[in-house]
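Peer 1: Would you mind keeping the following structure in view while I ask a few things?
No lab work stands behind these numbers, since they all come straight from the coordinates. Because the structure is a prediction, the values reported are computed rather than measured. A quick note on method: Cβ atoms are made from the backbone with ideal geometry, for glycine too, and the neighbour counts reach across all protein chains shown.
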Amino acid sequence: MIKYKLICNNCELNFDSWFASSNEYDKLKRKNFLICNNCDSQNVEKTLMAPKLISVKNKSNKNQDLAKYHKIKNIIKNYQTFIKKNFKYVGENFAYEARSIHYNDKPKSKGIYGNATKEDLKELKEEGIETQVVPWIKDSDN
Ligand SMILES: [Zn+2]
């Protein structure tokens, strides 16, 4: 199936019409079977397809961006799943928990993850506590 934008040269109506193929359009046109929806004139022909080509191109670019976005999002999601499985969530207490592990020499069977401010991270670094910042997507942000 192929969609053509048709224009009536009599009343200047624009309308879309579906054809099995471009040959079918030519055949109907030759037999004067193409009739305007508005004024029943047979003076109907297809218009240039250029605007449609432009919109198709834009759409494919958008899809590429979307695919890229989903790919990155999946990588982050997988990373999050790994962290959730192997690390203990400490929420806003991250800096406190990180220090207590560091200074109390707690057994490091499980790492921790949570929220920290930039200042927290700077201070921890100055105290020689290694942290890793990861991009994070909230679960609700699907
Ligand atoms: Zn017409």
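Peer 1: Which order do the peptides 4-15, 79-90 come out in when sorted by mean C-beta neighbours inside 10 angstrom, highest first?
Peer 2: Answer by packing, highest mean first, reads 4-15, 79-90.
Peer 1: Which shape class applies to the stretch 58-105: rounded if a/c is under 1.5, otherwise prolate when a/b exceeds b/c and oblate if not, where a ≥ b ≥ c are the square roots of the Cα gyration tensor eigenvalues? Don't skip to the answer; put the middle values down first.
Peer 2: Values: a/c = 5.46, a/b = 3.62, b/c = 1.51.
Taking the square roots of the gyration eigenvalues as a ≥ b ≥ c, the stretch 58-105 is prolate.
Peer 1: What shape does the stretch 80-142 have by the C-alpha gyration tensor, where a ≥ b ≥ c are the square roots of the eigenvalues, rounded means a/c under 1.5, and otherwise prolate means a/b greater than b/c and oblate the rest?
Peer 2: Working: a/c = 2.35, a/b = 1.41, b/c = 1.67.
Here the stretch 80-142 falls in the oblate category.
Peer 1: Something else now. Give, in nm to one decimal, the length gained when the segment between N23 and K3 is fully stretched (0.36 nm per residue of separation minus the Cα-Cα distance).
Peer 2: Values: separation 20, 0.36 × 20 = 7.20 nm, distance 1.25 nm.
Gain on extension, N23 to K3, equals 5.9 nm.
Peer 1: Would you mind getting me the FRET efficiency between K118 and F82? Use the beta-carbon distance for r and R0 = 25 Å, nearest 0.05.
Peer 2: Details: r = 24 Å, r/R0 = 0.97.
The value I calculate is 0.55.
Peer 1: How far, in nm, would the chain grow between R30 and E12 when pulled straight, counting 0.36 nm per residue and subtracting the alpha carbon separation? Please list the in-between numbers first.
Peer 2: Working: separation 18, 0.36 × 18 = 6.48 nm, distance 2.02 nm.
My answer for the length gained is 4.5 nm.
Peer 1: Oh, and also: Mind running the shape call on the stretch 2-46? Use the C-alpha gyration tensor, a ≥ b ≥ c as the square roots of the eigenvalues: rounded below 1.5 for a/c, prolate if a/b tops b/c, oblate otherwise. Mind showing how you got there, number by number?
Peer 2: On the way: a/c = 2.42, a/b = 1.46, b/c = 1.66.
Oblate.
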